[in-house]
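Worksheet for the structure shown next.
The values are calculated or read from the model by the stated rules, or taken from the named source; none is laboratory data. Not measured: the values here are computed from a predicted model. Using ideal geometry, Cβ is built from the backbone for each residue, glycine included, and neighbour counts are taken over all protein chains shown. Note: areas computed on protein heavy atoms with side chains; ligands, DNA, RNA excluded. Shrake-Rupley method; radii C 1.70, N 1.55, O 1.52, S 1.80 Å.
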Amino acid sequence: MKNTINVGFIGNPNCGKTTLFNAYTGANLKVANWPGVTVEKIEGQTTYEGETFKLIDLPGIYSLSSYTMEETVSRQCIMSGEVDVIVNVVDASCLERNLYLTLQLIELGKPIVLALNMMDIVEERGMEIDLHRLPEMLGIPVIAVSARKNTGLSILMHAVAHHKTDLRQSPLIHHHPGMQSSHVHNHHSEYAMVYEDYIEDKIDSIINALDKKYKELPNKRWYAIKHLEKDSNVIKEYPLEPGDTISKSYEKDIINQKYNFIEEIVSETLVNKSQKEASTDKIDRYLTSRYLGLPIFLIIMALVFFLTFTIGDWLKGYFEIGLENFSAFVSTGLAIIHTNQMLSSLILDGIIAGVGGILTFLPNIFILFLALAILEDSGYMARVAFVMDDIMSRLGLSGRAFLPLLLGFGCTVPALMASRALEHPRDRFKTILVTPFMSCSARLPIYVLFSSMFFGKYAMLVCYSLYLLGIAAAIATAYILSKIDGSKAEHALLIELPEYKSPNPHTIAIYVWEKVKDYLSKAGTVIFIASVIMWVLLNFGPSGYVTDISQSFGSLIGKAIVPLFKPAGLGYWQIIVALIAGIAAKEVVVSSCSVLFGIQNITSASGMDSMVSALGSIGFGAANGLALMVFCLLYVPCTASIATMHRELCSVKKTLGIILYQLAAAWIMSFIIYRIALLF
């Protein structure tokens, strides 16, 4: 049996690396048109001509310097020997920027194949790349591919299979007009990247020192260059004698000379570059404008919510009809077979009412994520991060913190995990603290239900304002923290603004399906279990099975906490029990209300009318409904998010502190909003 070939996919953020990985493995990974999506390495498998390839999708990086977590993860994986062949995925439409990492990878002395991705975009812009001259200058195989159109994939894997043991670069053909070297070695025939003589002399000197002390060390040239750059990791792992060390860092010299060579490569291999015009630049004059960028973003998000409500509610009506018919069918079936009253109640009032009520919001969730997927894949979300960078810095947050916050609109769990991309522990803590204030998709059913019940035609406006309130709460929290500790942003946001492109249907389908699948799986597991537990709490009491809900365990628990929530307009034991259940998953608040008030199809017009009447009978009105939505926006996230928070912070004390702060913020804001609402 042939050995498995380990292939590492590495490249700049947004070069299409993960899309290429998906094309080979069929993995449904998150793919977006802005950096920071792949925070950890991800593995998959494919076969070609009888050989097995383990593919490793590494985080997108701009260099092999260990300044960020992404760079550290990628560098450790490559240097550990885990990777047999490196596939350097390059955005062919941005060749000049991508080649810096390529030159660093070539210097590692490992088998490497250059995958020129997005060649379809190069052709669309009327540009051409000389695929004969480029490998002559780099000394490595260069394969043109298009991950979006699945072209060139077999040729790329063919090249990987045939170069897996190729440790030496191919014969190099350099012109280097005007460059005369008096160096003792003819490095231009040995290496793709050759530095000026004074740098090469120092490299040779360090290589000699390394050879004396670390004879078994492979590719000493790379380690010598890292010593010249004062790379802390290399210096710590392979220290030299004081007389062999370099007094100052030559990192800037090395970077500048690399870019000089890149300019030479681009001038010789890229044709018609001057014809590429700036449709992207023209659009960015408005979308990234200092004054127009943020208002345009808010308008676009308002449009997203308009579509979520109008189209989503129209589709939701058909789901409600289906749920009513299904519930009636089950009820009739249970009656025919003379099912026990308690079991019938569990099935109809517990499971169908709880889980079914959540499923009717699926169209709204679908529309929301479809719109967000289109915005991401088109390249717009990178602009939003750029626009927000200055605001984030003023709040004492790293510009990179905006990426986790943006992910928080989808799901808090991956958003918290994305905070790993921040270098400073203080930045990570602040980001983890404020990220749950972003309205995740699980809160949308709560907003839709209660805003529709109490605010009618203004429901969309109320829902949108809740999203803005969450952002405002995050901003206020970050600002107060920065004033308390006097901190400023440690690291500004370094982000690529990709060219605008037509959203890829396959990419969008993967993204939306993953979100819908997560929603359905949650309905079938967490919400199902929570609905059953809620039914048990409401149908059993100290005396056993009860038909009077006020005698249940749930009632006793809720009534004990009523005095604490009454000032904030939430002093109703049914509402308190629903909020406690919502800690399992925010959607459970809706299913719990359905079970608590005995309404089987709570999202239908008749169901909402019944719910309004039931709430009205206990004194719960529009002001209370608004306070409830605000509390659900700000109070503790779901149990999965709390567990993730603890894992990222590695501190029970900090996790509990964040939970207490969020509860306090939710109570205070609900109190303020409730009291103001009563005035109107």
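Residues in segment 30-56 that are assigned to a loop (DSSP other than H, G, I, E, B) and modelled with pLDDT of 55 or more were compared, and the one that is least open to solvent (accessible area, probe 1.4 Å) is V39. The residue pairs whose first member lies in segment 637-657 and is in contact (Cβ under 8 Å) with a residue 40 or more places away in the chain, whose second member is basic (K, R) and in a loop (DSSP other than H, G, I, E, B), and whose beta carbons are closer than 7 Å, counting only pairs six or more residues apart or on different chains, are C638/K586.
If we scan segment 17-27, do we find a residue that is among the aromatic types (F, W, Y), touching a Phe, Trp or Tyr at 6+ places or on another chain (Cβ under 6 Å), surrounded by 18 or more Cβ atoms within 10 Å (Cβ to Cβ) and modelled with pLDDT of 85 or more? Within segment 17-27, one or more residues are among the aromatic types (F, W, Y), touching a Phe, Trp or Tyr at 6+ places or on another chain (Cβ under 6 Å), surrounded by 18 or more Cβ atoms within 10 Å (Cβ to Cβ) and modelled with pLDDT of 85 or more. Of everything in segment 634-664, what is over 22 Å from the mean Cα position of the chain (by Cα) and over 26 Å from P567 (Cβ atoms)? Give them in sequence order. If the condition is that a residue be over 22 Å from the mean Cα position of the chain (by Cα) and over 26 Å from P567 (Cβ atoms), then S651, V652, K653, K654 are the ones that fit. Checked against (1) within 30 Å of P425 (Cβ to Cβ); (2) at pLDDT below 75; (3) within 20 Å of the chain's Cα centre (by Cα), Y467 passes all but condition (2).
Every residue, every condition in (1) touching a strand residue (DSSP E or B) at 6+ places or on another chain (Cβ under 7 Å); (2) open to solvent by 30 Å² or more (accessible area, probe 1.4 Å); (3) of a type in the set (S, T, N, Q), yes or no:
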site: V89; (1), (2), (3): yes, no, no
site: N98; (1), (2), (3): yes, no, yes
site: E107; (1), (2), (3): no, no, no
site: E123; (1), (2), (3): no, yes, no
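Quick check, is I658 aliphatic (A, V, I, L, M) and not in a helix (DSSP H, G or I)? No, not satisfied. Residues in segment 57-72 that are at pLDDT 70 or above and open to solvent by 40 Å² or more (accessible area, probe 1.4 Å): Y62, T72. Can we say M608 is within 30 Å of R420 (Cα to Cα) and either open to solvent by 10 Å² or more (accessible area, probe 1.4 Å) or of a type outside the set (K, R) (or both)? Against the criterion (within 30 Å of R420 (Cα to Cα) and either open to solvent by 10 Å² or more (accessible area, probe 1.4 Å) or of a type outside the set (K, R) (or both)), M608 does not qualify.
Right, L633: closer than 28 Å to G410 by Cα and in contact with a Gly (Cβ under 9 Å, 6 or more places away or on another chain) or not? Spelling it out, L633 is indeed closer than 28 Å to G410 by Cα and in contact with a Gly (Cβ under 9 Å, 6 or more places away or on another chain).
Scan segment 128-149 and tell me whether some residue there is assigned to a strand (DSSP E or B), in contact (Cβ under 8 Å) with a residue 60 or more places away in the chain and of a type in the set (A, V, I, L, M). Yes - at least one qualifying residue is present in segment 128-149. Give the residues of segment 635-651 that are of a type in the set (A, V, I, L, M), closer than 26 Å to L359 by Cβ and surrounded by 18 or more Cβ atoms within 10 Å (Cβ to Cβ), sorted by residue number. Correct list: V636, I642.
A quick yes/no check of all residues on (1) within 24 Å of G139 (Cβ to Cβ); (2) surrounded by fewer than 13 Cβ atoms within 10 Å (Cβ to Cβ); (3) touching a residue at least 60 places away in the same chain (Cβ under 8 Å):
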| position | (1), (2), (3) |
| --- | --- |
| Y195 | yes, no, yes |
| E200 | yes, no, no |
| E216 | no, yes, no |
| H227 | yes, no, no |
| Y238 | no, no, no |
| K252 | no, yes, no |
